[in-house]
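Read through the structure below, which is laid out as structure tokens, and then see the notes.
Bear in mind these aren't lab numbers, they're just calculated from the coordinates by the rules spelled out. Please read these numbers as outputs of a predicted model, since none were measured by experiment. A quick note on method: Cβ atoms are made from the backbone with ideal geometry, for glycine too, and the neighbour counts reach across all protein chains shown.
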């Protein structure tokens, strides 16, 4: 058996964001949905960040956060679980880097490096994005990506305009209940 499909627990980092509707509550609901999955446990969540749009800049600002999860799912199955959360929350993929209600990205999975048509690990552009690195450094500062720690990448990241909207560790648990229909 490989290290991936051994049935044991693995650690993954998930990036979350959105800029349509109550994006902070949507991120909280997505985290609650992931945590409710029988094969996923949310271990830590970053603060909630308010960030300028990246890539396509003529749109509303985003809210972003990162989470560390423990999972028995293989990387592609974890991606599918994230996509299922997006689908349940009515995510529509209309435009690359465009507005979205919710977005979940698998950023890292243990220390695995892999590339498939569906998933590249670590996430191929995470080290270019302050809106990923700053929240990820909150919860996984010593994790090594591309030969450097997340904290080192975050220290060099373009953080222009990025601000902490809620720095509490439990912000998402408070907001998950605000979404009508629950989780």
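Taking other C-beta atoms within 10 angstrom as a stand-in for reagent exposure, 27, 112 fall in the order 112, 27, fewest first. On alpha carbon coordinates alone, what is the Rg over Rh value for segment 10-165, Rh being the Kirkwood radius? Dividing the radius of gyration by the Kirkwood radius yields 0.93. Shape class for segment 7-68: prolate, because the ratio a/c of the largest to smallest gyration tensor axis (alpha-carbon atoms, square roots of eigenvalues) is 1.5 or more and a/b beats b/c. Using a cutoff of 8 angstrom between alpha carbon atoms and counting only pairs six or more residues apart, the relative contact order for the chain works out to 31 percent.
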